[in-house]
There are 2 protein chains.
Amino acid sequence: MIEYIILGLLMEGDMSGYEMKKTIDLSVGMFYKASYGSLYPALKRMTEKEWVSVTEEEGSSKNKKIYSLLPEGRSRFLQWLGEPLTLDRNELLLRVFFYDYLDGDTRRLRLQECRYNLDHEIGRLQAVEQIVAGELAEIPDPQNHFFRVSVLSYGKHFFQMLKDYVDQLLKGVETNHENNGQTGKP
Amino acid sequence: MIEYIILGLLMEGDMSGYEMKKTIDLSVGMFYKASYGSLYPALKRMTEKEWVSVTEEEGSSKNKKIYSLLPEGRSRFLQWLGEPLTLDRNELLLRVFFYDYLDGDTRRLRLQECRYNLDHEIGRLQAVEQIVAGELAEIPDPQNHFFRVSVLSYGKHFFQMLKDYVDQLLKGVETNHENNGQTGKP
DNA sequence: GCCTGCATGTAACTGGTTACATGATTGC
DNA sequence: GCAATCATGTAACCAGTTACATGCAGGC
């Protein structure tokens, strides 16, 4: 996971590990926590795989390593980006965050797929909610289940909100029709 | 994590590992995925720690193990339940799901703490959003950052929604004042 | 006889976290 | 001179997934 986030950041331009951590905290930090213990080993692996290259900044004697995207890293990133969006919320937003780099067609397809799955999931949750409501009507102390019922209904609301959001994204790209996937450094 | 969910399920009544998995999938499954590979080893550990006891159903020759809550497991569960709610969304909803078992005072305190933290976080996100808006105004192609800006604003909406939800919970317990923490099997 | 669902489990692996260790630079 | 922050890294650990292995029961 962290490897693709790193690649996504490097699409913007070169960066050090330390800067990456700060950037992640400020941007996708809400739904992805990066720690140095995962970041640095990832950079090492990716250098070995030749997804990125590293330049030591020698002039400033600052022990600073600047990483750059190599062609292999770039193509791996774009391949990952175009994979279907899963409802595993975390990956969904992480991918969408980089969607400016994805070509317009795949983008539309993925968002529509996702919208369809969300609809399906909302329906399922509605069914579960009704089963629970039925069970609740038959027990003597329904008020003692206040929290678990509310968490359940929160789930439905949450997915509904996500669906509204995906709709908004689909509408957004339609309006913003100039934007059809960038080649780098948007 | 999974250990506390298991304890929470056993507060309801005895259950087998297989039933637990099904129950989790149907209830907290939205924000917590349980696999047998984590479930069964957890049950083994918890039996060794004497948090739960196990009874083999012999009559039916069905190789079925029914787990029950032991006093140590019960007190561990209640202790976990009363810990502060973190904004790490996952744990938040997981804990709240079992909040019917928590005493009314701790419950109110935790929800209010959480509300306060959410307010703080929303403020921080608003600030980040404004910084980004400022940066965006200075670049020539703002439409190429549509997705990352929208994910950012989604984050704010999400936290706002979560805050509204916590408010609703606080209001709910006020109305539902009979519900002041259950002792088991609600 | 076979497929589906109930039922339990393990081993290898993965993707992290936590805590620690180190050192240079900058601002007060 | 001292604290904060920039900057990199490792080792031990942990929680969980994936894939596999097994077997019984019930319905068609």
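The values are calculated or read from the model by the stated rules, or taken from the named source; none is laboratory data. Bear in mind the structure is a predicted one, so any value in this text is a computation, not a measurement. When we count neighbours, we look across all protein chains shown, and the Cβ atoms used for this are built from the backbone with ideal geometry, even at glycine.
A quick yes/no check of all residues on (1) in a helix (DSSP H, G or I); (2) under 22 Å from A:Arg110 (Cα atoms):
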| position | (1), (2) |
| --- | --- |
| A:Leu125 | yes, no |
| A:Leu136 | yes, no |
| A:Ile139 | no, no |
| A:Lys156 | yes, yes |
| A:Met161 | yes, yes |
| A:Gln168 | yes, yes |
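Got a sec? Which of A:Tyr36, A:Tyr40 is outside the structural domain of A:Arg110 (by TED's automatic domain parsing) and closer than 28 Å to B:Gln130 by Cα?
Values: A:Tyr40 fails: closer than 28 Å to B:Gln130 by Cα.
Criteria check complete, one pass: A:Tyr36.
In a residue-by-residue description of the range A:61-72, the property of being without any contact (Cβ under 8 Å) to a residue 60 or more places away in the chain and in a helix (DSSP H, G or I) applies to at least one position.
For the range B:110-138, the tally of residues that are surrounded by fewer than 16 Cβ atoms within 10 Å (Cβ to Cβ) and more than 9 Å from chain A (Cβ to nearest Cβ) stands at 17. Evaluating B:Ser16 against the criteria (1) under 18 Å from B:Arg89 (Cα atoms); (2) more than 9 Å from DNA strand D (Cβ to nearest atom); (3) touching a Lys or Arg at 6+ places or on another chain (Cβ under 6 Å) leaves one unmet condition, (1). Yes or no: B:Glu138 over 23 Å from A:Val166 (Cβ atoms) and of a type in the set (Asp, Glu)? Considered against the rule, which asks whether it is over 23 Å from A:Val166 (Cβ atoms) and of a type in the set (Asp, Glu), B:Glu138 comes out as yes. Look through the range A:46-86, keep the residues that are within 10 Å of DNA strand D (Cβ to nearest atom) and basic (Lys, Arg), and return whichever of them is nearest to the chain's Cα centre (by Cα). The residue in question is A:Lys65.
Restricting attention to the range B:162-184, the residues being at pLDDT below 65, more than 9 Å from chain A (Cβ to nearest Cβ) and in contact with a helix residue (DSSP H, G or I) (Cβ under 7 Å, 6 or more places away or on another chain) number 3.
Restricted to the range B:1-30, and to residues that are among the charged types (D, E, K, R) and away from every other protein chain (no Cβ under 14 Å), which residue is farthest from DNA strand C (Cβ to nearest atom)?
First, the residues of the range B:1-30 that are among the charged types (D, E, K, R): B:3, B:12, B:14, B:19, B:21-22, B:25.
With the extra rule that they be away from every other protein chain (no Cβ under 14 Å), the set shrinks to B:3, B:14, B:19, B:21.
Details: B:Glu3: 15, B:Asp14: 11, B:Glu19: 6, B:Lys21: 7 Å.
Looking at residues that are among the charged types (D, E, K, R) and away from every other protein chain (no Cβ under 14 Å), I get B:Glu3.
The condition of being surrounded by 15 or more Cβ atoms within 10 Å (Cβ to Cβ) and either away from DNA strand D (no atom under 12 Å from the Cβ) or outside any helix (DSSP H, G or I) (or both) holds for only one of B:Leu10, B:Leu43, B:Leu94, that being B:Leu10. Only a single criterion out of (1) part of a loop (DSSP other than H, G, I, E, B); (2) more than 12 Å from DNA strand C (Cβ to nearest atom); (3) free of Cβ contacts under 8 Å to residues at least 12 places away in the same chain is not satisfied by A:Lys33, namely (2).
Results for (1) farther than 27 Å from B:Tyr154 by Cβ; (2) hydroxyl-bearing (Ser, Thr, Tyr); (3) surrounded by fewer than 16 Cβ atoms within 10 Å (Cβ to Cβ), shown as yes or no for each residue.
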{"residue": "A:Phe31", "(1), (2), (3)": "no, no, no"}
{"residue": "A:Pro71", "(1), (2), (3)": "yes, no, yes"}
{"residue": "A:Ser75", "(1), (2), (3)": "yes, yes, yes"}
{"residue": "A:Gly82", "(1), (2), (3)": "no, no, no"}
